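The values are calculated or read from the model by the stated rules, or taken from the named source; none is laboratory data. These figures come from a predicted structure and were not determined experimentally. Ideal geometry is used to build each Cβ from the backbone, glycine not excepted, and the neighbour counts take in all protein chains shown. Please note that ligands, DNA and RNA were not included when accessible areas were found on the heavy atoms of the full protein model with its side chains. Shrake-Rupley method; radii C 1.70, N 1.55, O 1.52, S 1.80 Å.
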Amino acid sequence: MPALPAPSFAPLPGDASADILRLLEGLDAPTLWWVSGYAAALAHSAGPPRTVALLPQRDAGAQERVTIIYGSQTGNARRVAERLAQAVERAGLAVRLIRADAYPQRELKTERLLYIVISTQGEGDPPDDARGLVDFIAGKRAPTLPDLKFAVLGLGDSSYPLFCAIGRRLDARLVELGAQRMVAAGEADVDVETIAEPWIDAALAQARDALTTALPRANVTPLHPHAAPAEWSRENPFAAELLVNQRITARDSSRAVHHFELSLEGSGLTYEPGDALGVWPTNASALVDSVIQALRLDGDEPVACAGETHSVRTWLGSRRELTKLSRPFIAAHAARSRADDLNRLLAPDRSTDLAGLLASHQVIDLLHAFPAAWTAGELVAALRPLAPRLYSIASSRKAVGDEVHLTVADIGWDAFGISHAGAASSFLASRGDGARVPVFVEPNERFRVPADGSTDVIMIGPGTGVAPFRGFVQERRETAARGRNWLLFGNRHSQSDFLYQTEWQAALRDGSLHRLDLAFSRDEAIAQIPRTRKTYVQDRLRENGRSLFEWLDNGAHLYVCGDATRMAKDVHAALVDVFSTHGGLDGESAEARLSDLIQQGRYARDVY
Amino acid sequence: MTVSPSHLESVKAASHFLRGGIVEGLADPVTGAIDDDDGKLLKFHGSYQQDDRDLREERRQQKLEPAFSFMIRARLPGGVLTPAQWLGFDAIAREHANGTLRITSRQTFQWHGVIKRKLKPTIAAINATLIDTLAACGDVNRTVVSSANPLQSSAHRMASDWAARLSEHLLPNTRAYHEIWLDGEKVVDTAQESEPLYGPTYLPRKFKIGLAIPPTNDIDVFAQDLGLIAIIENGQLLGFNVAVGGGMGATHGDPTTWPRLGDVIGFVPPDRLLELATTVITVQRDFGNRAERQYARLKYTIEHRGLAWFTAELERRLGFPLEPARPFAFDTNGDRYGWIQGDDGHWHLTLHIAAGRVADTPGQPWLTGLREIARMHRGEFRLTCNQNLIIAGVASDQRARIDALVAHHALDGYLTQSGIRRHALACVALPTCGLAMAEAERYLPDVLSKLEAQLARHGLTDAPIGLRLSGCPNGCSRPYLGEIALVGRAPGRYDLRLGADFSGQRLNRLLRQNIDEATILETLEPLFGRYARERTTGEAFGDFLLRSDLLPSEAPRTIPATVIA
């Protein structure tokens, strides 16, 4: 965020403006807007000026205030944290909402009431914005916390083995440090609300009990930077018209990647390069039919669940996950089918096997492999609610106007005698021009082009991870940013999988891309060429280590987008090597340098 | 009136003897193509950049560049190769190219679909078979063709030896080829290099030499820039009649370009052949048009300055007059199929390879079949300028085995094919040739079936009629020497030309312009009918049309106003 001129806070007495500045420091944009709204609401209420809880004395503050820290990669944890903050606020309690990397760690020991909402990435990693805080709490320097009451909500994806590992770790560690757990740690799956809503309710009730000081009540006045706030949201998505659905891998490619262009015209929705677009898919009717058929259900039967009534077909088509299995559903199905094999997989020591099942099977596969009876109502209640899919936006509004572009791999595979597809990728790929797609914008403040256009950027985006960098390069071209742009891209075959090849060629020609390094893993296998090993982007990083080091030394920002489980780790390891080789650092110092870069917002990742 | 040299002339001049930026272009991973100018230089090394035109639009929408690949052409003087070389070529086709070998109308092989990364290993692999690709394309003397006639085995040997000697003698001198493709030692200072024959800008345009042994004109000797007609008496090679200024290329709708047959200007004994060829080339080097490439072939130099001038300049440079041409006679420019015993007692089997494409297709595993034959064959293979293949030098006790392999792999079509199918040529055209305006090779089977049905109705199934199909007017399949020729204008549309003789000594004439298939067939139908009813014994189709006055007279030629000094 660009620095504002130092405010004079003219109406405020001496120290008050410093207090305000101190309190505002590190708050992210939504929180700042919220604070503004809160202040505006206070102003609206008649009556004499009074001291309000938002400007407490430094020491008193911690006792009278709820601190909510979130660590979020895709925005889900941030959104839950915001909802909790709003609920706490509506209850008339003072609250501070803060992103993990903006939280002053020294304040932890004075906190009295702390909520942490944090996701787990890939295989048990914290989100990038929470790495520092997690290290601090887990490390030796963490203070004892005898006066702290806390609760942790973990977010994760139960199709990964170390589900919610970071949330669990923090929960256990805070107890170890002497803090008192007020609410059992929540473990929210991709259908976040199922767990998050009751956890928020419980956390709110505890906060009410814990905070004795009654605070002035104020409603929040909505304030937004633009005249017409987007009324569209995750829960109320905008039906965007599909303008272009174009496959961008060649016909002989083993992977179908599509480029989509959607119209946001009239929606008021805005985004920045680096943000994600949420897409609400509809399950394929053939898949819905096969589930109905497998269980001999009546597709038209009305089913009531969670206060809504729909036909079975509607529930399965647009309200429930069919393409992703969850542990609870497997457990429920195992109980019904009395399948010993399946039951055994649920044992704690079989988590790897369970992860394998979660990764390879969909609901229909389970129904086929382990037949069991379900009534429509029971099935709808047991399946996870459908969750939207987030895709990194591949465009800049400065270049494409009211459009938003996406780069989506159409995941499809054959297994167990039937074809399988990803819910949203196949939903999108099968839409024709003019179709409507329910979407919302998911901001990602941590993944932005540098505010200073003269800063160089290094973009590492193999596969569909290249998407946000198309937006970055567009943005930097349109803003005539003077910094250099270096893209590292990789995929299988240059001739068939070189995503946006002609655009990159044009960008190199017109000077909006300065350097392009490529790694096509399946291209290198030529008998006459001795290098038979497959080459990936991390190999290019090492080969170009000196340049990379010089760019970073010169202040470049580095971005990584794409696969979290392997690529992001391999790239990180390569970066450590580069700092060791060219910066003369040992492994530990190189890691520390990278942590510093993350902390400074100069090494940002959008990995999934 | 002087005009500045064409862009390509400055590209050649600045190329440091054909190096240009080829090495850098090959190493650039951002594109499967190389720079335009380097692409021009690459031709001298035996390769053309192409792309799959079927996929162009689709890939444009996919935000992918065209599916670039490279055609590589071998320099194979006389079209002779050993079974071991065949096996090497076959492996290269399968491992590096699109799984096919293509016999060209100039008696050599082309590989198609070699992607940029594989270009260097492929050219290196070709060289490992002791055959190179240097000067197979480009503004130089290209591979030298010679009659493949298996009847006269000793004469064939002589001709192919001379073809090889000419080809070697006229090779460029640059080390660039070895540097780029074969990791040869780098020439430190290319300023020290020289091209004694060609000079730093090489020739104004391509140059083709062909050597025919009468009475067979299977190479179309009058379509060559320099045609050599062997004069043999009692088994002794006396020398060669010299024909100059042949060439097929023309541009649609441009009366300043035309196909031309070479003029016989004299005779040289064998020991003066290299000197003669070198001198013809230097005259063309010094007087050919370097401003307008469409007028840069030797035929235009001769047309613009006159044959008498050319002969005088040639003789002045030679320092001796040419002897008067000796009598000769050609009876055919087609191939003789099946087994023939040569005068050396060995047997030779000529197979018909449709459009020269050796590939494994459903029901026709030709690539596999010829690989099997190459594994057991002890003689040699010869390619013909009619895109056919001769399994040559077979001992009589091996014939049965070869016949069995030929039959097993469906290579025995020559036994039963119609006359027109056996004498059909087609250039590659779509999808790889950048010049193609219409289909050729891919259209050949289709149009042949339709013509065969027509001919059958008139009892002409066995009539040997020469058909030449070309995707553009540039003439790789020598369409202007076809009794029937279709020259592509646009997808599905062709010029119909008729009336060449069957011995490569008379050009055909334009009958209908820019017509579709239905009109082509409609136009030919009554002509086939009259030919069936009215031909004299042994009269060829083209000769009949001319005699019966069924063809229009030729449009007059226009020599372009600009003559380059």
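Quick rundown of the values:
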| read-out | value |
| --- | --- |
| Helices (runs of 4 or more DSSP H) contained in segment B:112-184 and holding at least 1 residues within 14 Å of chain A (Cβ to nearest Cβ) | B:116-128, B:176-181 |
| Filter result for A:Arg482 (outside any helix (DSSP H, G or I), over 23 Å from B:Ala33 (Cβ atoms), of a type in the set (D, E, K, R) and modelled with pLDDT of 95 or more) | yes |
| Unmet requirement for A:Arg90, which otherwise passes all of (1) open to solvent by 10 Å² or more (accessible area, probe 1.4 Å); (2) in contact with a Pro (Cβ under 8 Å, 6 or more places away or on another chain); (3) at pLDDT 80 or above | (2) |
| Residue among A:Ala556, A:Ala506, A:Ala573, A:Ala564 that alone is at pLDDT below 95 and not acidic (Asp, Glu) | A:Ala564 |
| Test: residue in segment B:415-431 that is touching a residue at least 24 places away in the same chain (Cβ under 8 Å) and either surrounded by fewer than 16 Cβ atoms within 10 Å (Cβ to Cβ) or acidic (Asp, Glu) (or both) | yes |
| Any chance A:Ala250 is within 14 Å of chain B (Cβ to nearest Cβ) and within 29 Å of A:Ala435 (Cα to Cα) | yes |
| Candidates B:Asp331, B:Asp360 - the one that is surrounded by 15 or more Cβ atoms within 10 Å (Cβ to Cβ), under 26 Å from the mean Cα position of the chain (by Cα) and not small (Gly, Ala, Ser) | B:Asp360 |
| Residue that is surrounded by the most Cβ atoms within 10 Å (Cβ to Cβ), among those in segment B:239-261 that are touching a residue at least 40 places away in the same chain (Cβ under 8 Å) and of a type in the set (A, V, I, L, M, F, W, C) | B:Met248 |
| Hey, A:Leu297 open to solvent by less than 20 Å² (accessible area, probe 1.4 Å) and over 21 Å from A:Arg234 (Cα atoms) or not | no |
| Unique residue being more than 28 Å from the chain's Cα centre (by Cα) and open to solvent by 60 Å² or more (accessible area, probe 1.4 Å) when the list is B:Pro552, B:Pro464, B:Pro526 | B:Pro526 |
| Given (1) within 14 Å of another protein chain (Cβ to nearest Cβ); (2) in contact (Cβ under 8 Å) with a residue 12 or more places away in the chain; (3) open to solvent by 10 Å² or more (accessible area, probe 1.4 Å), number of the condition B:Ser4 does not satisfy | (1) |
| Flag for B:Gln284 being among the polar types (S, T, N, Q), over 21 Å from B:Phe328 (Cβ atoms) and out of contact with any Leu (no Cβ under 7 Å at 6 or more places or on another chain) | no |
| Residue in segment B:189-200 that is hydrophobic (A, V, I, L, M, F, W, C), in a helix (DSSP H, G or I) and touching a residue at least 60 places away in the same chain (Cβ under 8 Å) present | no |
| Residue in segment A:446-465 that is part of a helix (DSSP H, G or I), modelled with pLDDT of 95 or more and crowded, with 23+ Cβ neighbours inside 10 Å present | yes |
| Some residue of segment B:314-326 being small (Gly, Ala, Ser), surrounded by fewer than 21 Cβ atoms within 10 Å (Cβ to Cβ) and more than 24 Å from B:Cys427 (Cβ to Cβ) | yes |
| Matching residues, segment B:233-249, being among the small types (Gly, Ala, Ser) and at pLDDT 95 or above | B:Gly239, B:Ala243, B:Gly245, B:Gly246, B:Gly247 |
| Any hit, segment B:24-37, residues being touching a His at 6+ places or on another chain (Cβ under 9 Å), open to solvent by 20 Å² or more (accessible area, probe 1.4 Å) and on the phi < 0 side of the Ramachandran plot | yes |
| Residue check for B:Asn98: within 14 Å of another protein chain (Cβ to nearest Cβ), in contact with a helix residue (DSSP H, G or I) (Cβ under 9 Å, 6 or more places away or on another chain) and on the phi < 0 side of the Ramachandran plot | no |
| Within segment A:501-608, strands (runs of 3 or more DSSP E) holding 2 or more residues that are of a type in the set (D, E, K, R) and within 13 Å of chain B (Cβ to nearest Cβ) | A:515-520 |
| Restricting segment B:262-274 to residues that are touching a Gly at 6+ places or on another chain (Cβ under 7 Å) and not in a helix (DSSP H, G or I), the residue that is surrounded by the most Cβ atoms within 10 Å (Cβ to Cβ) | B:Gly262 |
| Tally of residues being small (Gly, Ala, Ser), out of contact with any Lys or Arg (no Cβ under 8 Å at 6 or more places or on another chain) and buried (at least 22 other Cβ atoms within 10 Å of the Cβ) across segment B:211-238 | 3 |
| Residues of segment B:42-74 satisfying the condition of being surrounded by fewer than 22 Cβ atoms within 10 Å (Cβ to Cβ), more than 8 Å from chain A (Cβ to nearest Cβ) and either in a loop (DSSP other than H, G, I, E, B) or free of Cβ contacts under 8 Å to residues at least 24 places away in the same chain (or both) | B:Asp52, B:Arg56, B:Glu57, B:Pro66 |
| Segment A:389-426: number of residues that are part of a loop (DSSP other than H, G, I, E, B) and surrounded by 22 or more Cβ atoms within 10 Å (Cβ to Cβ) | 3 |
| Segment B:89-99, subset part of a loop (DSSP other than H, G, I, E, B) and in contact with a Ser or Thr (Cβ under 9 Å, 6 or more places away or on another chain), residue farthest from B:Glu24 (Cα to Cα) | B:Asn98 |
| Selection count where residues are within 30 Å of the chain's Cα centre (by Cα) and open to solvent by less than 50 Å² (accessible area, probe 1.4 Å), scope segment A:328-350 | 8 |
| Residue identified as assigned to a loop (DSSP other than H, G, I, E, B) and either of a type in the set (Gly, Ala, Ser) or at pLDDT below 95 (or both) among B:Ala277, B:Ala291, B:Ala308, B:Ala312 | B:Ala291 |
| Among (1) open to solvent by 30 Å² or more (accessible area, probe 1.4 Å); (2) more than 18 Å from the chain's Cα centre (by Cα), the one test that A:Ala142 misses | (1) |
| Enumeration of residues in segment B:498-523 that are closer than 27 Å to B:Gly246 by Cβ, in contact (Cβ under 8 Å) with a residue 24 or more places away in the chain and surrounded by fewer than 17 Cβ atoms within 10 Å (Cβ to Cβ) | B:Gln505, B:Gln513, B:Asn514 |
| Subset tally (residues that are touching a Lys or Arg at 6+ places or on another chain (Cβ under 6 Å) and modelled with pLDDT of 95 or more) for segment A:410-445 | 1 |
